[in-house]
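Worksheet for the structure shown next.
The values are calculated or read from the model by the stated rules, or taken from the named source; none is laboratory data. Remember, it's a predicted structure, so these values are computed and weren't measured experimentally. Every residue, glycine among them, receives a Cβ derived from its backbone with ideal geometry; neighbour counts consider all protein chains shown. Just so you know, the surface numbers come from the protein's heavy atoms only, side chains and all, with ligands and any DNA or RNA stripped out. Shrake-Rupley method; radii C 1.70, N 1.55, O 1.52, S 1.80 Å.
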Amino acid sequence: MQGIWSGTISFSLVAIPVQLVKAVEPGRVSFRLLHGEDFSPLARRMFCPKEEAMVPPEEIVRGYEIGPEQYIPVTAEELESVSPERSRTIEIVDFIDLAEVDPIYFDHPYYLVPLKGGEKSYRLLAEVMRRTNKAGLAKFVLAEREYLVAVRSTEGALALTTLHYREEILPAGEIAPRDGTLEADVKSRMKKSIGKMMADFNPGDYGDERRERIVDLLKRKARERPPVEAPSVEEDVEEGPVDLVAALEEIMRTVKKGT
Amino acid sequence: MTGGTIWKGTIHFADTDIAVKLHAAVREDRIQFHLLHRHDLVRLRQQMICALEKKPVPAEAQIKGFEVEEGKYLIVDPEELEELSPESSRMIEVHEFVTRDGIDPLFLGHAYYLEPDLPARGYNELAAALGEMDAAGICTWAMRKRAYLGALEARGGILRLHTLRHADEVIGAGSLQLDEIPLTERELKIGIDLINQLAAPFQPEKFANEHQKKLQQLIEQKVRGEKVAILRPKRLKPTAPDKLLEALEASLKKVA
Amino acid sequence: MSRTFVEIAGKRLSLSNLEKEFYPAQGFTKASVLEYYTRMAAFILPHLKDRALTLKRYPDGVEKDFFFEKRCPPHHPDWVKTAQVPLEGGEPMTVCLVNDLETLTWVENLASLELHVPLARTGSPGIPDAMVFDLDPGDRANILDCARVALILRELLSRLRLEGHVKTSGRKGLHVYVPLNREGTTFEETKTFSRAVAMILQKHYPDLVTAKMAKDARTGKVFINWSQNDPTKTMICVYSLRAREKPIVSFPLAWEELERLAERGDPERFHVTAAEAVARAGKTGDLFREVLVKKQTLPHL
């Protein structure tokens, strides 16, 4: 599996080489953007408006805007130097009870998978967290961002969830009901209704209706008319490297004699 | 500051209807970088490039296709997709209630606070009932032409909605194919002791985004034209499998 | 829906609709398809191993709709091996790896009659194991013309000290594979090389060969599709069934056999059916094995 990041996760004196992989991916029906004129697929590229040309990754640098059209370039090495202790290490500082974490803190889920040599200590961390029902709290840096993360055990694997910082959670006080009165009989009637509607959560019960409708639409369309064909990309018609072309020409002369 | 109302709807289940307004519950304020051309620091724009002509294609000339076979597409008009959008409705329909811990955090998406919309009778009662029962309502609603699945919860007397991911968007841990590796009772016992020693309450206020401040300093340093020291990232030496017990014992000694 | 349970290597699979006719004209059922792939597993699996499978599913047989899926169906069993491959400009995508009989059986239970794979393995997506010449006859040309081109190509390659192997596409064309199996060779190089070869053949055999994609340039000629040497492209896997009227297979041919077939001049004789494939592979072994193991370097680059 291709990782988003690789490094080590550590707790106290134990260090485990791991890779970060995604835990969610958007559903199956995905469209491609095409050029309306020739049905050629479009690719997202960085484009220089001044030179009116595509820019390859090695010519791109991050920049911070300090004024209109004025940027301070910052290199990847400089970014990594900001928190060198955290850019390759997820150091668990506390073990917490995940039930204490308000789910409002949860941001994005990933999994950690062990890299070579880390399998055993990975297994140990997962198993020990499962038995103690604890999750590890750590900070680490990915690209230019530092994340607070919770690492927990699920089905023998380590799941990592990025958490929001305290200051990012908006205070709810302002929208709280001004009237704090509570009618006891209304509440107990609701509790009764809720009790009647209690069930086990099974996410599979809720299909993505939109996706199903899109699939139906596509089936209908496929029957109505054939798909359009993207043109194959005819690349520059140069013949190839000089040496190779010369060698091929030489060979062709003898091949043709023989056939 | 919660920002403005995002959407208005009515929570519905059994004989209960409660009008609410949605507000964002989280706001991220992080340093933004742009991508520049290295040699002249011109800001780059993302463009959709035609694979054939190698030229940027403006939005009005872009169409959507579904690949049915390599290089073959069914063209779908925006209007056709529009027709598939859910009918607009103001209802947040609760289908069932579940215990809050029955929802795997992997499914949680965005969070919204719900403000009672006048006249919102029953708001306080529902918040109290859900809180006391430690329950969440699994609900669906359509907002801005999109259908959502969500969990209705209450904390501190305030109702909120968490969007939930659909089952086929979540990758099961089973697909990671992790090997079962036997552990000794001693390794487990010391591991458990160690974790219990390192246990702490969750105190989010303890964790500030220090990195953000350091980034700010880095930028200021660069604006002043100062040289930035390049520090190599710290890499820890992995604990060898046969040294695991030793490392655990040493750890325990250190914290105990 | 009728279901049959099987257990392979300790994995339990529920197979559905085995009696359904997938090739109705031939009475070739889903059970026949599963049987074919089971009997050919030892031959096809090494060629599928660690490659991102593109599924082409025909749930109601070859005469009905099919689905083309690059993504591994999300509800795959836990034991199906997957890999993440980068998508053009987007998120990585999860793909299936068919590395064992149970996964092959699962994939066939999904009615993926055709198995398409890239020239590179997921562990090294930029490094092709082979360079390919996809010989595709235009209108008014046929597989006999492809055979002529393949034989010229073989001659040309041998003088470059390169060994090539040929298989039928299972449709109208032939595929010539040049094994590389070296870490150093990139798609950029195989594309440059194959394009130069296609151009030179077009130049010397203008009535037989074209290196151009345009449909009208192909009439009466064999199009050497060098652009298949690309990380985003897939080829039909050797020994895969094709979805056409009869259960015909993409099958390797020894060069001597290709010469014989070219001499006989009957395009129909190039086709190898599923039953013939099982019998022939049992006798000759995997004629395409060298494609996986032979190490060769492209000269003059």
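Determine the dipole magnitude for the protein assembly as shown: charges of +1 sit on the beta-carbon of Lys and Arg, -1 on that of Asp and Glu, nothing else is charged, the reference point is the Cα centre, and the result goes in debye to the nearest 20. Numbers along the way, then the final one.
Values: 114 positive and 125 negative charges, 279 e Å.
The calculation lands at about 1340 debye.
Considering only DSSP beta bridges where both residues belong to the protein assembly as shown, give the percentage that are antiparallel (nearest 5). Don't jump to the answer; show the numbers that get you there.
Numbers: 147 of 158 bridges.
Of the beta bridges lying entirely in the protein assembly as shown, close to 95 percent run antiparallel.
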In nm², the average projected area of the convex hull spanned by the Cα atoms of segment B:162-256 is 12.1
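Chains B and A: how much accessible area gets covered up at their contact, both sides added, probe 1.4 Å, in Å² to the nearest hundred?
Numbers: alone 21280 and 21660 Å², together 27300 Å².
Buried: approximately 15600 Å² between A and B.
Give me Rg/Rg_expected for segment C:67-140, where Rg uses Cα atoms only and Rg_expected = 2.2 N^0.38 Å with N residues.
1.30
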The cysteines in chain C that find no other cysteine Cβ closer than 4.7 Å to their own Cβ are C:C146, C:C237
Stokes-Einstein, Kirkwood over Cα pairs, segment B:73-127, 25 °C, 0.890 mPa s; D in µm²/s equals 155
tail above 14 Å in the computed P(r) of segment B:176-219, as % of all Cα-Cα pairs, reads 73
Calculated from DSSP helices alone, with each H run of at least 4 adding -39500 (n - 2.57) and the total divided by the residues of chain A, [θ]222 nm to the nearest 500 comes to -8500 deg cm²/dmol
The rounded separation in angstrom of the Cα centers of segment B:69-144 and segment A:185-210 is 13
Using alpha carbon positions and the Kirkwood radius, the Rg to Rh ratio of segment A:30-134 is 1.13
Normalised per residue, the volume inside the convex hull of the alpha-carbon atoms of segment A:94-204 in Å³ amounts to 184
For chain A, the Cα convex hull volume per residue in Å³ comes to 358
Rounded to the angstrom and largest first, Cα extents along the principal axes for segment C:179-301 equal 41, 38, 28
One would report the Cα pair-distance distribution of the protein assembly as shown, bin width 20 Å, in %, as 13, 39, 36, 11, 1, 0
On each of the three principal axes the extent of the alpha-carbon atoms of segment B:22-117, given in whole Å and largest first, is 54, 40, 30
Expected max-MSF residue from A:D243, A:D205, A:D216 in the GNM of chain A (alpha carbon, under 10 Å) is A:D243
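Would you mind checking the pairs A:K116/B:K227; A:K221/C:K167; C:K172/C:K212 and listing those with alpha carbons more than 29 angstrom apart?
Numbers: A:K116/B:K227 38 Å; A:K221/C:K167 35 Å; C:K172/C:K212 18 Å.
From the list (A:K116/B:K227; A:K221/C:K167; C:K172/C:K212), the Cα-Cα distance tops 29 Å for A:K116/B:K227; A:K221/C:K167.
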Quick P(r) readout (segment B:15-76; Cα-Cα; 10 Å bins; whole %) gives 13, 22, 20, 26, 14, 5, 1
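Looking at segment C:133-245 only, what percent of DSSP beta bridges run antiparallel? Nearest 5 please. Intermediate results must be reported in sequence, preceding the final value.
Working: 11 of 13 bridges.
Expressed as a percentage, antiparallel bridges in segment C:133-245 total about 85.
Counting each pair of different Cα atoms once, what's the Kirkwood radius of chain B in Å, rounded to one decimal? Walk me through the numbers before you get to the answer.
Values: mean 1/r = 0.0402 Å⁻¹.
Hydrodynamic radius (Kirkwood, Cα pairs) of chain B is 24.9 Å.
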In whole angstrom, largest first, the equivalent ellipsoid semi-axes that the Cα gyration tensor gives for segment A:154-197 are 34, 24, 5
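Normalise the Cα radius of gyration of segment C:181-228 by 2.2 N^0.38 Å (N = residues in it) and let me know the number.
Details: Rg = 12.2 Å, N = 48, 2.2 N^0.38 = 9.6 Å.
Normalised Cα radius of gyration, segment C:181-228: 1.27.
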From the Cα centre of segment B:1-50 to that of segment A:10-76, the distance in Å is 19
Computed on Cα atoms only, the convex hull of segment C:3-71 has an orientation-averaged projected area in nm² of 5.6
Taking a straight Cα-to-Cα line shorter than 23 Å from C:K20, and setting aside same-chain lysines fewer than 8 residues away, one finds A:K219, C:K30, C:K56, C:K64, C:K246
Checking C:G285, C:G126, C:G220 against a Gaussian network model of chain C (alpha-carbon springs below 10 Å), the top fluctuating residue turns out to be C:G285
With +1 on the Cβ of every Lys and Arg and -1 on the Cβ of every Asp and Glu, the dipole magnitude of chain B about its Cα centre, in debye rounded to the nearest 20, is 1980
To the nearest 10 degrees, the tilt of helix C:143-159 (Cα long axis) against the first principal axis of the alpha carbons of chain C is 70
Residues other than B:P182 with Cβ under 15 Å of its Cβ, Lys/Arg counted +1 and Asp/Glu -1, net out at -3
Too long for a 31 Å Cα-Cα cut-off, among A:K139/B:K189; A:K134/B:K253; A:K22/B:K237; A:K50/C:K203, are A:K50/C:K203
Scaled by the rule-of-thumb 2.2 N^0.38 Å, the alpha carbon Rg for segment B:209-256 gives a ratio of 1.98
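Take the eigenvalues of the Cα gyration tensor for segment A:1-74, scale each by 5, and report the square roots as semi-axes in whole Å, largest first. Spell out each step's value before the answer.
Details: eigenvalues 240, 134, 24 Å².
Square roots of five times the eigenvalues give 35, 26, 11 Å.
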Across C:V117, C:V166, C:V278, the residue with the highest GNM fluctuation in chain C (Cα network, 10 Å cutoff) is C:V278
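What does the convex hull of the Cα atoms of segment C:71-198 come to per residue, in Å³, rounded to a whole number?
Values: hull volume 19.5 nm³, N = 128.
It comes to 153 Å³ per residue, whole-number rounded.
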If one compares the long axis through the Cα atoms of helix C:255-264 with the longest principal axis of the Cα atoms of chain C, the angle in degrees, nearest 10, works out at 80
The aspartates and glutamates whose Cα lies under 19 Å from the Cα of A:K196, excluding any fewer than 8 residues away in the same chain, are A:D185, A:D205, B:D15, B:D17, B:E93, B:E96, B:D101, B:E125, B:E132, B:D134, B:E153
Computed over chain A, the relative contact order (Cα-Cα under 8 Å, seq sep at least six) in percent reads 18
Applied in sequence order to segment C:214-231, the curve 6.51 cos²θ - 1.76 cosθ + 1.60 (Karplus, θ = phi - 60°) yields integer Hz couplings, x standing for Gly and Pro, of 3, 4, 6, 6, 8, 3, x, 10, 9, 8, 8, 7, 7, 6, 5, 7, 8, x
The distance between the Cα centres of segment B:153-190 and segment C:45-88, in whole Å, is 27
Kirkwood Rh for segment B:133-190 from C-alpha pairs, in Å, is 15.4
So, with points 7 Å from each Cα along the Cβ direction, the A:K116-C:E19 label distance in nm works out to 5.3
Over its alpha-carbon atoms, chain C yields an Rg and a Dmax in Å of 19.1, 59
Rounded to the nearest 10, the angle in degrees between the Cα long axis of helix A:184-196 and the longest principal axis of the Cα atoms of chain A comes to 50
Per the Kirkwood formula over distinct C-alpha pairs, the hydrodynamic radius of segment A:192-233 in angstrom is 14.4
Spelling it out for C:I248: with amide H atoms placed in the peptide plane at 1.01 Å from N, the residues 5 or more places away or on another chain with amide H under 5 Å from its amide H are C:R242
